[in-house]
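First up is the structure itself, then whatever we jot down about it.
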Amino acid sequence: MKHKEILVFGATGQIGRNLIRKLTKNNYKVTAVTRNIHTAGYILKTQANPGYLRVVEIKNFKTETLEDLIKNCSICINLVGILYEKKQNHFKTLHTDLPDLISLLANKFKIEKLIHLSALGVENATDSKYALSKFEGEKKILKNFKQSIILKPSIVYSVDDKFSTRFMTLLSRLPIMPIYYEGKTKFAPIHVTDLIEIILQIIEKQKQSLILECIGPETLTFKEIILKLLKSINKKRLLLPLPLPIAALTAKFLQLLPNPLLTEDQLNLLKYDNINSGINKTNFDLGILSKRKFEQEINKYSFNWRTGGQFSKLNNSEK
Ligand SMILES: NC(=O)c1ccc[n+]([C@@H]2O[C@H](COP(=O)([O-])OP(=O)(O)OC[C@H]3O[C@@H](n4cnc5c(N)ncnc54)[C@H](OP(=O)(O)O)[C@@H]3O)[C@@H](O)[C@H]2O)c1
């Protein structure tokens, strides 16, 4: 029986909580790191059998704090990430400095594997602070711990995400949906279950040194994604292509909200296609096929946004 100790940073997020369930079911012992055990405890504790999960609260990412954790693990997985900056949460601190420190310590303690979640296409989006910080993080990791494994997913979706669920909320409330860059930006959405399978295969089979782009089975434009979400929640909405100066102005105001729907940085990022680059390998090249299709998967949870909820029927589009 395997008893490898896996340390997960950013464990409470969409990917983390699904990953913990898979890892512990496969006999790995997981230490999940969170900033707040009280908010995270109930989400995480239900993901594992007793004895397989330890939840650790840390208030800072100082060297001494991380040393104690990293020196006792065989495999470290870093899932910490943010979509926008607020107060103490800066892209550089979380996407560049933290991976820098984790990989230095991974090297110091000669751990077996470091798996880091970056994002697809960040090397191209030179006018996005998010992308720059993620790409810098990748460079630091490769410099400090050469055998690291960097995973670069396109959009990851599931009932736990901040993407499909958020857009379904917006689409169910707004009569008009703004579309940016004429909705032409391309994505290769990957379901969280498929991504978790990739991570498990990487843990079990891939020895070291890999940059892997993680993509789903389809390429969809932003407009196609919105249309599939609308179909799935059984609503019709006017899709309004916004000229860039107006989009930029709305982003300037929206980013002032506590939980912004769109920031100027995200608007910049949105103009770059989020599909495989052709430079790095993808999960398909490794024979790890992501099979779940966007429309079929969102139909499993979109009833929450339909009028009538779970008793609703599809096909009669509502207003
Ligand atoms: N979801 C996607 O579509 C997608 C696509 C490409 C790449 N990725 C990358 O994959 C990773 C995981 O994504 P996810 O969707 O699971 O993210 P998520 O749901 O937003 O969770 C991110 C995690 O980061 C931690 N975190 C957030 N702010 C933090 C801060 N200021 N200090 C320390 N920790 C903080 C949180 O941990 P606690 O609150 O427990 O401390 C949380 O568990 C991220 O690096 C993300 O950039 C995601």
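Report, ordered by chain and residue number, the aspartates and glutamates lying within cross-link reach of Lys143, taken as a straight Cα distance under 16 Å and ignoring same-chain residues fewer than 8 apart.
Filter leaves Asp97, Asp100.
Quickly rank 38-50, 218-230 as a protection proxy: mean count of other C-beta atoms within 10 Å, highest first. Spell out each step's value before the answer.
Values: 38-50: 14.3, 218-230: 19.0.
Highest mean packing first, the order is 218-230, 38-50.
Checking the table Lys186/Lys300; Lys45/Lys140; Lys22/Lys129; Lys25/Lys281; Lys134/Lys207; Lys59/Lys108 against a 26 Å threshold on Cα-Cα, which pairs fail? Numbers along the way, then the final one.
Working: Lys186/Lys300 23 Å; Lys45/Lys140 33 Å; Lys22/Lys129 33 Å; Lys25/Lys281 28 Å; Lys134/Lys207 23 Å; Lys59/Lys108 23 Å.
Pairs exceeding the cut-off: Lys45/Lys140; Lys22/Lys129; Lys25/Lys281.
Explain nothing, just the number: dipole magnitude of the chain about its Cα centre with +1 on each Lys and Arg Cβ and -1 on each Asp and Glu Cβ, in debye rounded to the nearest 20. Could the numbers behind the result be given before it?
Numbers: 49 positive and 29 negative charges, 138 e Å.
The calculated dipole for the chain is roughly 660 debye.
Scan around Ile179 for amide H atoms under 5 Å from its own, H built in the peptide plane at 1.01 Å from N, and keep only partners 5 or more places away or cross-chain.
Leu240, Leu242
Please compute the volume of the convex hull spanned by the alpha-carbon atoms of the chain and report it per residue in Å³.
Numbers: hull volume 44.0 nm³, N = 319.
Measuring per residue, one finds 138 Å³ for the Cα hull of the chain.
Which aspartates and glutamates does Lys291 reach when only Cα atoms under 15 Å apart count, and residues fewer than 8 places away in its own chain are ignored?
Asp194, Glu197, Glu218
Helix 14-25: angle to the longest alpha-carbon principal axis of the chain, degrees 0 to 90, nearest 10?
Computed tilt is about 50 degrees.
Would you pull out the residues with amide H under 5 Å of Arg54's amide H, same chain only if 5 or more places away, H placed 1.01 Å from N?
Val30, Thr31, Ala32
Once both axes come from the Cα atoms, what is the angle between helix 244-254 and the longest principal axis of the chain, in degrees from 0 to 90, rounded to 10?
With rounding to tens, the tilt is 60 degrees.
For the chain, what does the helix formula give at 222 nm: sum of -39500 (n - 2.57) over DSSP H segments with n ≥ 4, over the residue count, nearest 500 deg cm²/dmol?
Details: 11 runs with 113 residues, N = 319.
Mean residue ellipticity, 222 nm, calculated: -10500 deg cm²/dmol.
Search the structure for amide H atoms under 5 Å from the amide H of Leu83, placed 1.01 Å from N in the peptide plane, and list their residues when 5 or more places away or on another chain.
Distant-sequence amide H within range of Leu83: zero hits.
Which peptide among 278-287, 68-77 comes first, and what is the full order, when sorted by highest mean count of other Cβ atoms within 10 Å?
68-77, 278-287
Rounded to whole Å, give me the distance from the Cα center of segment 125-143 to that of segment 40-64.
With segment 125-143 and segment 40-64 each reduced to a Cα centre, they are spaced 27 Å.
Laboratory data are not the source of any read-out in this text; all were calculated from the coordinates shown. Everything numeric in this text was worked out from a predicted model, so none of it was measured. Heads up, the Cβs are rebuilt from the backbone with ideal geometry, glycines too, and the neighbour counts pull from every protein chain shown.
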